[in-house]
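*Asks:* Structure in structure tokens, see below.
Just so it is clear, none of the values below were taken in a lab; they were calculated from the coordinates. As the structure is a prediction and not an experimental result, all values here were calculated from the model. FYI the Cβ positions are ideal-geometry reconstructions off the backbone, even for glycines, and counts take in every protein chain you see.
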Number of protein chains: 4
Amino acid sequence: MTFQEVISTISEQQSGLPFGGEVAQYIDELRLVNPNKFGVYLKSVSGEEAYFGDAFEAFSIQSIAKVLALSLVYKELGESLWKRVGVEPSGNPFNSLVQLEYDSGIPRNPFINAGALVVCDIILSLYPNPEKAFLAFANSVSGHSDIVFNERIAESEKKNGFRNAALVNLMKSFGNIKNEVEAVLDFYFKLCSITLSCKDLAEIFQYLSIHGKHPLNGNSIISESQTKRINAIMQTCGFYDEAGEFTFKVGLPGKSGVGGGIIAIHPNQYTIAVWSPRLNKKGNSAKGMAFLEEFTTMTTLSIF
Amino acid sequence: MTFQEVISTISEQQSGLPFGGEVAQYIDELRLVNPNKFGVYLKSVSGEEAYFGDAFEAFSIQSIAKVLALSLVYKELGESLWKRVGVEPSGNPFNSLVQLEYDSGIPRNPFINAGALVVCDIILSLYPNPEKAFLAFANSVSGHSDIVFNERIAESEKKNGFRNAALVNLMKSFGNIKNEVEAVLDFYFKLCSITLSCKDLAEIFQYLSIHGKHPLNGNSIISESQTKRINAIMQTCGFYDEAGEFTFKVGLPGKSGVGGGIIAIHPNQYTIAVWSPRLNKKGNSAKGMAFLEEFTTMTTLSIF
Amino acid sequence: MTFQEVISTISEQQSGLPFGGEVAQYIDELRLVNPNKFGVYLKSVSGEEAYFGDAFEAFSIQSIAKVLALSLVYKELGESLWKRVGVEPSGNPFNSLVQLEYDSGIPRNPFINAGALVVCDIILSLYPNPEKAFLAFANSVSGHSDIVFNERIAESEKKNGFRNAALVNLMKSFGNIKNEVEAVLDFYFKLCSITLSCKDLAEIFQYLSIHGKHPLNGNSIISESQTKRINAIMQTCGFYDEAGEFTFKVGLPGKSGVGGGIIAIHPNQYTIAVWSPRLNKKGNSAKGMAFLEEFTTMTTLSIF
Amino acid sequence: MTFQEVISTISEQQSGLPFGGEVAQYIDELRLVNPNKFGVYLKSVSGEEAYFGDAFEAFSIQSIAKVLALSLVYKELGESLWKRVGVEPSGNPFNSLVQLEYDSGIPRNPFINAGALVVCDIILSLYPNPEKAFLAFANSVSGHSDIVFNERIAESEKKNGFRNAALVNLMKSFGNIKNEVEAVLDFYFKLCSITLSCKDLAEIFQYLSIHGKHPLNGNSIISESQTKRINAIMQTCGFYDEAGEFTFKVGLPGKSGVGGGIIAIHPNQYTIAVWSPRLNKKGNSAKGMAFLEEFTTMTTLSIF
């Protein structure tokens, strides 16, 4: 079967099924999304494309953008990055603040909120115009030119961002935040505000499936080793408190967002993005997880 | 022996002794204080006064001001205050953030930082001009008219206040902070910026030694029951992680500040304030503790 | 009013009132007690006695026995005791294990379970026949001769004592338990198994109201300073997570047990014991607390 | 290059290099091992074998045995196993006890000590003679017949096993341990006492590289899905607090033990076991990690 046939088959099989879950409620921009949206887009390293449903409609990618931010700072700082953030999975969310206390302000990995806030802080230190620099990087990795921040979403996030403010203040008390607290939070909320389609995501993250190379011109965006490490971190830390479950069921490195999006990478094979806004109890797209599980089962292309 | 004789005797006995300890270092206004300052002032309920040393020199009272803030909100809210803050001693400081997580944003007592921040938030909600209202109350309880905030100290505190900002943001994420984070922090740092002398402190807190009555006109500032409760909270929670030690050694309700001041109350007997800037490892005035221990031993007026 | 008149008055006033609460359920010996039992017994330093209700009926004193165990080891070790257990109140019970981790196996105070287990371990190290030595001490402090362990209660406690076993094992991993885990647990459960009446308790703890002296022969059981410290620890740590509340409402040093008993000490004045099996949510006798609150209010003999 | 050529090349390259690290010290049986031992053994799914150094010498496999125990209970209970133990990586070890508190006695995964203790408890419930049943399973998966417990190591482990005893008691207080505490601990320490060579390990764990099939007769030991899940758990949880690091550097599912052994699985390709007793700060074999990193780099057979 071609990828398109697999995607169509599963999408039809699952089209009538109830996957449960609730759309994220804490901001209007997520709460008011049509909960029945569903899109999937695959881009293989050989250039094959396959898709289904709302694959071309932009949605709030939220934490998926953290992979781009990590790629940018890793490219700039190299291995010295790991002095400020770890690479190990974290325990349950209850422990996030006490973990920072225990580890003197060093977050466990770059995908928990504390870690992504440190990554944002580094970007602020690196560039005179950090927002512009980040967008330039995000656009450059795939030949896109239209990635922008959504000010309205960023504003809504900020109004509910007190826990993130607690994290960044605590880390600043330990000296692991170098810029102004407000500036770090503003950048973080902007990072999480980007809206993209499944097609966009599958294209943008191609470099992670081809050893860090640009899909169009073959230039190195990040090194092969850095690509391997980012994939490894996605494998162990990409799905909040469900990384183990995703590793088992889907068996691919990936990253989810509370907007219901998931990007998954099969190194040397393809990138695949899915979108379905209803979230399971751990905060990951319920139908998105089920689709990817079936997809790797049918293609028998899991890494395990 | 009269109180004056006891105070003079102990002060002379202890004058040459090394009590160790370090002056608080985190802001200039505390770091640059002469570490050898020492003052003590007692005011008995019968009107007797006794003092020694730098008893008339103003210093940064810091957390001691939290007793005034608590008195004001308790007077206004009555027992409903305890829905937003507890009355139990807290464990070690390591647990302060995890405790807030576990108790859904309700601090253990009004003297730990988190609790005092909630008290500040309540004051902001109560008055159109909270700073003026607080100073009016502080001045009124003793016939003083000159208590003011020290803007320079407040400013320095704020520059180092990231842990407090973490606490207030975390509590706001739980809904236990009603005003803007910045406004709560600003008021809190102003509260901690007040400078007063030992004489001032002994006079201002007289109401806690006379059942909540005003020392000059006999009017009720807070009720007898409220006075008893505030004294009880000072007994169990007034000395950071050394409340048990102070209860044993001194045996009086009291409250310390990182400026090296301590106010202690002997209900129906007297108020006594001491000041010596060097702090022991738990953050309380080393010589101040030693003086009060000897004082209650010689007067055999401990409550135990 | 005489003490007897006060006790009779309050007992009658409160006799019809519902104080709610539930009898401890975790072992048969507590669960099957008549929940309506109520007794009170006061012994003043001048020899006055007053009582009401089931004051002469023995009940399971549980944690109240920890005060006797503490007195014995404090008498033997002096201040070196505090190297193995602290004197500060603890936070909420959730933190007990993590507190031991953080403080490398040193419990916060001798009345939380971990602290009492260390006290038991010390008794095991001190005597060739620890049970006999403890009972001899317990009997000697008041001229009693009939205090014994209740094997059946001890056995039941042990069957439910897994959390205590976790605590003692964790402390042993830090080197703060010197004897066999099983031996420490066995002794601890025996200590908690003692049954006494309100009259017994008021008599046995007289030494804490008279500076550590034996009530009959005036010999020193523990020093005056040790007495003061034990009272101080009871004040700040004697009522699980309700020490602050008890300090406010009753204003006396004391210790409660899950059998519904409470002993309270008014230094230089009296000892008073109450018993009512229904416990409030914090694990203290609901009616017992209410009775003592009214008692110190009517006698205006609170220490605050 | 053949596997043998790769193994020989790396072994020679690394033979003079200092990898640092310390041999585990807590029991004699580990402390007294020659720290310079080094062995490696590979068994490919096509039957190819390759080895180097002390590949045929038995050593204490410690936690590696937990993979066998997990396989056995997963085979027997199926998915209902996950009611009693999770599949998510845990945070740092400091949190292990507080995590159990927070999650009501359910460990995060079967490879942290708490989780392995639950697995042992299940084995005790499943069989009248659990030790015999476990050894029969362990021997059967590979045609071995000589796997036994090492009583002396088990005894030594037990003498230092207080933290494990704390864990099992805490879980029992939550009802997640069904058998006697002592019996669970005894079985656990026996499980960890097994000694095997690199060759043995590479042969025994072949079933995890061939979809759960027996390498000799092709019978299903565990299902294909169960195999995938166990590999996934090894990937995210197999290396204490270094699972993320191992995932990046080596990129294979695996499990280490404090004896200095590591087993790694490349699904559909091979199993490989290494042994070098010196441990890095996270408790994993320092040279073993370095060897496997170089091995997957040279063979470019990482899963990322």
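*Asks:* Hull surface divided by four, with the convex hull built on the Cα atoms of chain B: how many nm²?
*Replies:* Taking the Cα atoms of chain B, their convex hull projects to 14.0 nm² on average.
*Asks:* Which order do the peptides B:49-61, A:109-121, C:6-18 take when ranked by the mean count of other beta-carbon atoms within 10 Å per residue, highest first?
*Replies:* A:109-121, B:49-61, C:6-18
*Asks:* So what's Rg/Rh here for the protein assembly as shown, counting alpha carbon atoms and using the Kirkwood radius for Rh?
*Replies:* 1.01
*Asks:* Using 7 Å Cα-to-Cβ label points, what is the residue A:5/residue A:49 separation (nm, one decimal)?
*Replies:* 2.2 nm
*Asks:* Moving on. Quick check for me: using +1 on Lys/Arg Cβ and -1 on Asp/Glu Cβ, what's the dipole size of the range B:138-253 about its Cα centre, in debye to the nearest 20?
*Replies:* Once rounded to the nearest 20, the dipole reads 220 debye.
*Asks:* Something else: Once you have a ≥ b ≥ c as the square roots of the Cα gyration tensor eigenvalues for the range A:47-101, tell me rounded if a/c is under 1.5, and otherwise prolate or oblate according to whether a/b is larger than b/c.
*Replies:* Taking the square roots of the gyration eigenvalues as a ≥ b ≥ c, the range A:47-101 is oblate.
*Asks:* Based on the alpha carbons, how large is the Rg to Rh ratio for the range B:87-219 when Rh follows Kirkwood?
*Replies:* Ratio of gyration radius to Kirkwood radius: 1.00.
*Asks:* Further question on the same structure: Apply the Karplus curve 6.51 cos²θ - 1.76 cosθ + 1.60, θ = phi - 60°, to the phi angles in the range C:26-37 and return the couplings in whole Hz, x for Gly and Pro.
*Replies:* Result, ordered by residue: 6, 9, 3, 4, 8, 4, 8, 5, 5, x, 8, 4 Hz.
*Asks:* Okay, moving on. Place the peptides C:196-209, B:202-215, C:20-33 in order of packing, highest mean first, counting for every residue the other Cβ atoms within 10 Å and averaging per peptide.
*Replies:* Highest mean packing first, the order is C:196-209, B:202-215, C:20-33.
*Asks:* Still on this model: For the range C:184-304, take every pair of Cα atoms, bin their distances at 5 Å starting from 0, and report each bin as a whole percent.
*Replies:* Percent of Cα pairs in each bin: 2, 12, 21, 23, 22, 14, 6, 1, 0.
*Asks:* Using the alpha-carbon centroid of each, what span in Å lies between the range B:45-64 and the range B:86-135?
*Replies:* 27 Å
*Asks:* Something else about it: Give me the inter-chain shielding for C:37-47: mean count of other chain Cβ atoms within 10 Å, whole number please.
*Replies:* 0
*Asks:* What percentages, rounded to whole numbers, describe P(r) for the range D:10-124 computed over all alpha carbon pairs with 10 Å bin width beginning at zero?
*Replies:* 11, 28, 29, 25, 7, 0
*Asks:* While we're looking at this one, here's another question. To test your reading of the geometry: what angle, between 0 and 90 degrees and rounded to tens, separates the Cα axis of helix C:130-140 from the longest principal axis of chain C?
*Replies:* 20 degrees
*Asks:* Still on this structure, I have one more. If you place +1 on the Cβ of every Lys and Arg and -1 on the Cβ of every Asp and Glu, how big does the dipole about the Cα centre of the range A:32-89 come out, in debye to the nearest 20?
*Replies:* Computed charge dipole of the range A:32-89: roughly 260 debye.
*Asks:* Another question, then. Less than 12 Å Cβ to Cβ from residue A:10, Lys/Arg counted +1 and Asp/Glu -1: what total charge do the surrounding residues give?
*Replies:* Result for the neighbourhood of residue A:10: -3.
*Asks:* Something else about it: How far is helix D:65-77 tilted, in degrees, relative to the longest principal axis of the Cα atoms in chain D, given as a value from 0 to 90 rounded to the nearest 10?
*Replies:* The two axes meet at around 60 degrees.
*Asks:* Another question, then. Using helices alone, I'd like the mean residue ellipticity at 222 nm for chain A: each DSSP H run of four-plus residues gives -39500 (n - 2.57), total over residue count, nearest 500.
*Replies:* My calculation for chain A gives -13000 deg cm²/dmol from helical runs alone.
*Asks:* Give the relative contact order (percent, whole number) for the range C:161-300; include only Cα pairs under 8 Å separated by 6+ residues.
*Replies:* Computed value for the range C:161-300: 17 percent relative contact order.
*Asks:* Give the angle, between 0 and 90 degrees and rounded to the nearest 10, that separates the Cα long axis of helix C:224-237 from the longest principal axis of the Cα atoms of chain C.
*Replies:* For helix C:224-237, the angle is close to 90 degrees.
*Asks:* I've got another one for you. Computed FRET efficiency, Cβ-Cβ of residue D:224 and residue D:36, R0 25 Å: what is it to the nearest 0.05?
*Replies:* Here the calculated transfer efficiency is 0.05.
*Asks:* So how strong a dipole does chain D carry about its Cα centre when Lys and Arg Cβ are +1 and Asp and Glu Cβ are -1, to the nearest 20 debye?
*Replies:* 460 debye
*Asks:* Enter the mean number of other protein chain beta carbons within 10 Å of the beta carbon of each residue in C:246-255, as an integer.
*Replies:* Rounded to a whole number, the mean comes out at 4.
*Asks:* Okay, moving on. Using only the Cα atoms of the range D:25-70, what are the Rg and Dmax in Å?
*Replies:* 13.6, 40
*Asks:* Give the average, rounded to an integer, of partner chain Cβ atoms located within 10 angstrom of each Cβ in D:175-186.
*Replies:* 1
*Asks:* Also: Go ahead and run the numbers for FRET between residue C:140 and residue B:281, Cβ-Cβ distance against an R0 of 35 Å, rounding to 0.05.
*Replies:* So, using R0 = 35 Å, E works out to roughly 0.35.
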